[in-house]
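Let me begin by presenting the structure, written as structure tokens, before commenting on it.
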Amino acid sequence: MLENKTLLITGGTGSFGKTFIPLTLEKYSPKKIIIFSRDEMKQWDMSMDYQDDPRVKFVIGDVRDKERLSRTLDGVDFVVHAAATKIVPTAEYNPNECVKTNIIGAMNVIDACIDKKITKVVALSTDKASNPINLYGATKLASDKLFVAASSIDQEHNTQFSVVRYGNVMGSRGSVIPFFLNKKAEGTLPITDPRMTRFMISLEEGVKLVWHAFEDMLGGEIYVKKIPSMTITDIAKAVSPEAKQKIIGIRPGEKLHEQMIGIEDAPHTYEYEEHFKILPAIHNWSKDPNRIKDGQAVSDDFMYSSDNNKEWMNAEDLSLWIKENEHKIGLI
């Protein structure tokens, strides 16, 4: 699928891009990968790892700038849209900026990809987009809807758009594991609410889900990875079993439990061995056998949330993962 093709990844200097790029170069040997992002220092630091690889190109740009994005898409075959304003409290206090990047930016990506006749586009989503209570989740839900509908807009050029959705990325910058590791020396870890649960996924699993989407998609699908849940207290235990836990209360915009598929999406959701697929209600695509393939329809009352998950990760498992990945936690 991606062999000898040119890919562009928006927000490519972020956590996802730092894992997606080396794994994709190794597995598929694409012709070129273009990292499109606005932070020149992150690009400079990342470019040091690819000085001797002519397949990797860095371009300064912002998804808010449609003209710059469109020019950079010349000759591109596939796009991964990873750029986003994603820190929940930051979005709550800076709503205009979050909307500009996550919604207006998504519209720019869609329009530019249609204009440039890109073959396939996969947008990254989040569990916070399902039944959102914070602005970040609401903007990502709007973004998801835009990408799902985009495949029906582009009937003439046949650009295909889909979305991948997953939960908390273990060890990524700004996430709870590196936060707890930084607090570990103080002997006390702040816990928002002891009942809180979260989905857990490695970046490598997220990359594989994007690869699968490129292989499987016809347009309009939302792919949801099956991943384990953890309680926030077990995450704290995995980082520091001896540390005390201090309850500080939920931050603005936080949920007690995260959700990736709501009951309203159940009539359009199908289950597969390693993931779920939400198909569009529009155009009756959720009944399309070419999109369903070998999927099994879920029950009408199905909901996939971090507290009703069948699969759980314990503190011992996460502790082992932390030991194996401590060299990159907080850096990816």
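The values are calculated or read from the model by the stated rules, or taken from the named source; none is laboratory data. The model shown is predicted, which means the values in this text are computed figures rather than measured ones. Here Cβ is always computed from backbone atoms with ideal geometry, including for glycine, and neighbour counts include all displayed protein chains.
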Check your understanding: Can you name every residue in region 1-18 that is under 23 Å from I329 (Cα atoms), touching a Lys or Arg at 6+ places or on another chain (Cβ under 9 Å) and either surrounded by fewer than 20 Cβ atoms within 10 Å (Cβ to Cβ) or not charged (D, E, K, R) (or both)?
Key -> G11, G12, T13, G14, S15
Check your understanding: In the set V164, V210, which member is assigned to a helix (DSSP H, G or I) and modelled with pLDDT of 95 or more?
Key -> V210
Revision key, fill the gap. Going through region 220-277 in order, the residues found to be acidic (D, E), surrounded by fewer than 22 Cβ atoms within 10 Å (Cβ to Cβ) and assigned to a helix (DSSP H, G or I) are D234, E264
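Out of region 271-286, which residues are more than 17 Å from D144 (Cβ to Cβ) and at pLDDT 95 or above? Break it down stepwise before answering.
Going residue by residue through region 271-286, those that are more than 17 Å from D144 (Cβ to Cβ) are 271-274, 284.
E271, Y272, E273, E274 - these are the residues of region 271-286 that are more than 17 Å from D144 (Cβ to Cβ) and at pLDDT 95 or above.
Taking R173 as the residue in question, decide whether it is buried (at least 17 other Cβ atoms within 10 Å of the Cβ) and either basic (K, R) or within 21 Å of H257 (Cα to Cα) (or both).
It is false that R173 is buried (at least 17 other Cβ atoms within 10 Å of the Cβ) and either basic (K, R) or within 21 Å of H257 (Cα to Cα) (or both).
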Study note, to complete from the structure: For region 65-83, the count of residues that are surrounded by fewer than 16 Cβ atoms within 10 Å (Cβ to Cβ) and not in a helix (DSSP H, G or I) equals 3
Review point. If we scan region 80-96, do we find a residue that is touching a helix residue (DSSP H, G or I) at 6+ places or on another chain (Cβ under 7 Å), at pLDDT 95 or above and more than 30 Å from I263 (Cβ to Cβ)?
Key: yes
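Quick check: is even one residue across region 46-59 farther than 19 Å from T24 by Cα and loosely packed, with under 15 Cβ neighbours inside 10 Å?
Filtering region 46-59 for residues farther than 19 Å from T24 by Cα gives none.
No; the residues of region 46-59 include none that is farther than 19 Å from T24 by Cα and loosely packed, with under 15 Cβ neighbours inside 10 Å.
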Study note, to complete from the structure: Checked E40, E3 against criteria (over 19 Å from the mean Cα position of the chain (by Cα) and over 24 Å from L209 (Cβ atoms)); the one match is E40
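Filter region 120-139 down to the residues that are in a loop (DSSP other than H, G, I, E, B) and touching a residue at least 60 places away in the same chain (Cβ under 8 Å), then identify the one that is nearest to T269 (Cα to Cα). Give the derivation first.
Of the residues in region 120-139, the ones in a loop (DSSP other than H, G, I, E, B) are 125-126, 130-134.
Adding the requirement that they be touching a residue at least 60 places away in the same chain (Cβ under 8 Å) leaves 125, 130-131, 133-134.
On the way: S125: 17, S130: 13, N131: 16, I133: 22, N134: 24 Å.
Among those residues, the one meeting the criterion is S130.
When you look at K310, is it among the basic types (K, R), assigned to a helix (DSSP H, G or I) and without any contact (Cβ under 8 Å) to a residue 40 or more places away in the chain, yes or no?
Values: among the basic types (K, R): yes; assigned to a helix (DSSP H, G or I): no; without any contact (Cβ under 8 Å) to a residue 40 or more places away in the chain: yes.
Judged against the criteria, K310 is not a match.
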